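What follows is one structure encoded as structure tokens, with my remarks underneath.
The values are calculated or read from the model by the stated rules, or taken from the named source; none is laboratory data. Computed from a predicted structure; not experimentally measured. Reconstructed Cβ throughout: ideal geometry from the backbone, glycine too, with neighbour counts over all protein chains shown.
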Amino acid sequence: MKNIHYFGIRHHGVGSTKRLLSALDRLQPKKVLIEGASDCTELLPLLAHAQMRPPVALLAYANEFLECHIYYPFANFSPEYQAVLWAINHGAEVAFIDLPVSVTLAGQIEQMQNLKEEMEQELNDELDNKDDLKDELKEKIENDLENNSKSDLENNLENNSKSDLENNLENELDNELNDNQQELIQLRLDPIGMIGRLAGYDDGESFWNDVVEQSAVDDVAVFGAVHEMMRALRQKVLDEKVADHDSDTDGDDYREAFMRQEIRRHAKDTDECVAVVCGAWHVPALSPDFALTQDGKVMTYTAKSDTALLKNLPKKLPTSKFKTTWIPYTSPRLAKVGQGYGYGAGVDAPMWYQHLWENSTNVHENWLTKIATALRKRGHVISTASVIEATCLAQSLTLVRGRRAVGFEELCEAVVACLCFGERVLWQTIADEILLGKDVGGIPDDLPLAPLLEDLERLKKQTKLKAEATPKEVDFDLRSEIGLKKSHLMHRLAILGVPWGEPRHTGSSRGTFRERWEICWQAEFAVSLIENLVYGNTIFEASSNRLSEKIAQTDELGELAKHVQTALEAGLDKSAMTGVQRLSEQATHTDNVLTLLGSLSPLIHLERYGTARKVALDKVGELVYELTVKASVGLPFAIKNINDDEADDYHRHIVDVHGALKLSQNDELMDVWWQALGEISGELLARGGQSGHWRIVGLASRLLYQSERLTADELTTTLQKTLSPTVGASQSARFFEGFFSGATDQLLYDKPLLTTLETWLLALDETDFTEYLPLFRRVFGHLDSHERKRLLEMIFGRGGADDVFVHHEDLAEFWQIHVRQLVGLLG
């Protein structure tokens with residue numbers, strides 16, 4: 001056991017990595033033991049594969065509980081990754097020595113099931129006690145009201161005051177305890193970072209760079225200094241736990257006990273040098289040379305005590321119940337490691353670490369040049385002199401602060417001052433690109449993966465799509481075979497809950513043969529794909545089965561139409577046919593006009609889409625005709641006696657269907673639709689609007705007028721009847737909203753319409769006018785400033801509007817009353 005050398009590293013720390021490699025070269029150990037899941041050791045040789053390209057992550061997941069999974073990420077500059085490569089290249093044995101994933105996953109499953117049981121129990125208890133609590137509370141209130149005398153109330157006030165004081169003291173104590181707890185948590189999560197902050201650094205890496213990277217101390221000896229520092233920190237944590245009488249065993253205790261057992265096992269097999277690479281935090285619990293003390297005694301750990309402790313661990317999962325593999329990782333995700341991934345070792349700026357790893361000379365000058373280049377690409381003028389000034393400023397800041405070398409924070413401040421001209425916002429526009437990067441790792445072609453992951457890798461090569469970690473817009477030409485394949489892949493992944501791409505609207509000029517997507521790969525998509533293995537082993541099969549399942553579970557026609565649209569976009573013809581059949585079945589049993597209207601718009605777009613993609617959808621055309629007739633016949637009757645909220649729904653669906661039918665260019669369908677709108681506008685209005693909602697009557701009248709199926713004279717008559725003083729103000733307002741919502745720009749060139757509207761407005765008394773101001777704001781709200789100005793000029797008779805506008809003689813007396821409301825309304 002004497003020939004064991006411990007190397008306490010900072011996870012993903014570049015300084016640790018370079019020092020570690022130098023120490024390994026000097027010691028030439030025959031075994032390299034690394035902090036990592038011990039049952040994943042067999043995967044380590046793959047890291048040396050020629051096609052393995054960091055960042056990558058070791059993924060472990062439970063087959064039956066896919067929400068239980070673990071990532072262990074590795075970057076090119078990670079000490080563990082480089083230690084593995086060193087061992088393989090030098091013929092040394094390499095192994096992981098931490099808790100197996102079979103145990104960790106078993107613990108996650110157990111924890112999840114316990115939490116679920118607790119929640120169910122709490123819910124049942126809450127339901128059981130609900131009535132009892134009501135009775136107790138009622139009885140208590142009644143007793144308090146009956147029995148409380150003046151003296152009782154005074155006593156209560158005194159007691160409350162005392163309790164308030166006590167509570168305040170308790171809160172202060174709790175805050176102090178919370179501060180202590182937070183300090184201990186920070187010590188555990190990032191001990192080096194906390195020491196760095198205590199030493200006056202902004203981050204642990206700057207501190208580490210000074211004391212480790214820039215130190216002239218021997219490579220092996222410097223680790224001894226780090227271990228001594230960790231021993232002091234852990235001693236503080238231990239003393240706090242003893243003082244608080246906290247004897248609970250935490251996760252580190254189990255992990256460190258297991259690592260000690262593994263180290264003993266491996267050390268028995270050789271008398272040669274053994275290197276143990278682990279987080280610096282763990283060294284005091286692993287190495288007897290840096291052991292902690294308790295009650296004045298040095299803490300010792302024996303194989304017997306460690307075995308006894310490990311008996312409390314969950315029973316590990318059988319090998320058939322979990323899987324492990326390597327997956328590509330991304331550089332931005334390395335910056336989020338502290339949010340529940342791997343060992344919680346956060347890396348704030350992975351590309352800065354990568355830069356430090358790759359550059360040994362002119363480090364700071366090259367970094368500033370890289371930033372200047374990024375700014376120039378965005379159109380900013382950055383001179384060479386500015387880069388030189390930034391270099392000098394960073395060096396000056398280092399001298400003022402008494403540091404050994406220029407650090408990350410000095411460079412950042414110099415960049416903002418000299419390259420961004422003091423504008424931090426400008427720096428933020430490139431910060432993600434510079435600090436996080438967009439690197440995505442690569443894995444060997446022959447690496448055994450989950451079937452869906454293998455299929456994705458195959459499709460990525462086939463479509464020549466690259467997984468990048470930063471958003472990027474791409475266009476797919478659906479007329480080309482490869483463009484169609486790309487589109488199908490994106491849509492199929494979306495069905496599986498893997499949004500590699502988000503569709504972007506391209507505008508009408510691009511037609512239906514081109515799609516624009518914003519693509520961005522995230523490491524957790526791998527787990528999402530694995531969760532879909534229940535649906536099939538290929539992305540085509542899984543997406544088809546999952547969408548077919550959704551179709552079978554959906555009854556609403558509009559949702560079914562959307563599912564069919566999705567199936568067509570994803571190239572899943574079988575699912576599309578299943579959806580069309582389901583639509584037909586559900587339509588025969590649906591008489592609700594609102595539901596029919598809701599399904600028509602997506603169905604009409606579906607029919608057009610099928611035509612563009614040369615997909616045979618004859619049944620869809622038949623279904624559109626059937627539903628259009630059914631909805632048109634029922635619409636005039638359906639809008640009887642509906643409330644305002646229902647009218648909002650009808651208004652929205654009628655506008656959607658009208659637009660879709662016009663795009664379909666189907667004269668037969670439009671004739672049926674025009675007949676329904678004409679009945680609503682004509683016959684219902686003739687009966688005084690008592691048979692339909694006035695807002696829908698207004699909408700139908702406007703659609704007919706805009707399509708020249710209602711003449712100007714007929715419209716004037718309709719408006720005069722509807723907006724006359726004999727009709728209730730609330731009904732007129734509803735008609736006004738239905739007619740003008742989304743069509744107020746017509747007032748800019750339709751003088752009879754504007755004149756009729758003004759007549760109605762002048763007839764309103766002040767109370768009604770004020771009450772309808774919010775309505776006017778809603779209706780006119782979409783006009784831009786230019787359109788509002790033109791409308792005001794027409795109202796005021798300016799800007800050449802006199803020849804098209806009829807002034808009212810009595811307008812002056814109303815003007816003073818309404819001027820403020822008009823200005824507020826029209827901006």
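Please go through region 258-287 and give me each residue that is at pLDDT 95 or above and farther than 21 Å from Lys30 by Cα, ordered by number.
Phe258
Which one is farthest from the chain's Cα centre (by Cα), of the residues in region 66-87 that are part of a helix (DSSP H, G or I) and of a type in the set (Phe, Trp, Tyr)? Outline the logic, then answer.
Step one: of region 66-87, the residues part of a helix (DSSP H, G or I) are 79-87.
Those left that are additionally of a type in the set (Phe, Trp, Tyr): 81, 86.
Values: Tyr81: 30, Trp86: 38 Å.
Of everything passing the filter in region 66-87, Trp86 is farthest from the chain's Cα centre (by Cα).
Give Thr590, Thr566, Thr554 a once-over and let me know the one that is closer than 25 Å to Val657 by Cβ, of a type in the set (Val, Ile, Thr), modelled with pLDDT of 85 or more and part of a loop (DSSP other than H, G, I, E, B). Show your work before the answer.
Values: Thr590 fails: modelled with pLDDT of 85 or more; Thr566 fails: part of a loop (DSSP other than H, G, I, E, B).
Testing whether each residue is closer than 25 Å to Val657 by Cβ, of a type in the set (Val, Ile, Thr), modelled with pLDDT of 85 or more and part of a loop (DSSP other than H, G, I, E, B) leaves just Thr554.
Determine if region 560-580 includes at least one residue that is surrounded by fewer than 21 Cβ atoms within 10 Å (Cβ to Cβ), closer than 23 Å to Glu515 by Cβ and touching an Asp or Glu at 6+ places or on another chain (Cβ under 8 Å).
no
Output the qualifying pairs, or none if there are none: Cβ atoms under 6 angstrom, residues six or more apart or on different chains, first residue in region 262-279 and acidic (Asp, Glu), second residue in a strand (DSSP E or B) and buried (at least 23 other Cβ atoms within 10 Å of the Cβ).
Glu262/Ile97
Filter region 265-287 for residues that are surrounded by 15 or more Cβ atoms within 10 Å (Cβ to Cβ) and in a helix (DSSP H, G or I) and give the result. Spell out the reasoning first.
Applying the first criterion (surrounded by 15 or more Cβ atoms within 10 Å (Cβ to Cβ)) to region 265-287 yields 266-267, 273-287.
Result: His266, Ala267, Ala280, Trp281, His282, Val283, Pro284, Ala285, Leu286.
Looking at region 377-391, which of its residues are assigned to a helix (DSSP H, G or I), more than 35 Å from the chain's Cα centre (by Cα) and farther than 15 Å from Val416 by Cβ? Break it down stepwise before answering.
Our first condition is that a residue be assigned to a helix (DSSP H, G or I); within region 377-391, this holds for 377, 384-391.
Still in the running and more than 35 Å from the chain's Cα centre (by Cα): 384-391.
If the condition is that a residue be assigned to a helix (DSSP H, G or I), more than 35 Å from the chain's Cα centre (by Cα) and farther than 15 Å from Val416 by Cβ, then Thr384, Ala385, Ile388 are the ones that fit.
Pull up region 1-48, narrow it to residues that are under 22 Å from Tyr301 (Cα atoms) and small (Gly, Ala, Ser), then point me to the one that is surrounded by the fewest Cβ atoms within 10 Å (Cβ to Cβ).
Ser38
For a quick check of your reading of the model, give me the residue pairs whose first member lies in region 578-591 and is over 23 Å from Val633 (Cα atoms) and polar (S, T, N, Q), whose second is surrounded by fewer than 18 Cβ atoms within 10 Å (Cβ to Cβ) and modelled with pLDDT of 85 or more, with beta-carbon atoms closer than 8 Å and at least 6 apart or on different chains.
Sorted first by the residue in region 578-591, then by its partner, the pairs are Thr578/Ala552.
Would you mention how many residues in region 49-66 are surrounded by fewer than 19 Cβ atoms within 10 Å (Cβ to Cβ), touching a residue at least 60 places away in the same chain (Cβ under 8 Å) and within 20 Å of Leu105 (Cβ to Cβ)?
Qualifying residue count, region 49-66: 3.
Looking only at residues that are modelled with pLDDT under 90 and under 24 Å from Asn362 (Cβ atoms) in region 407-429, which one is surrounded by the most Cβ atoms within 10 Å (Cβ to Cβ)?
Gly407
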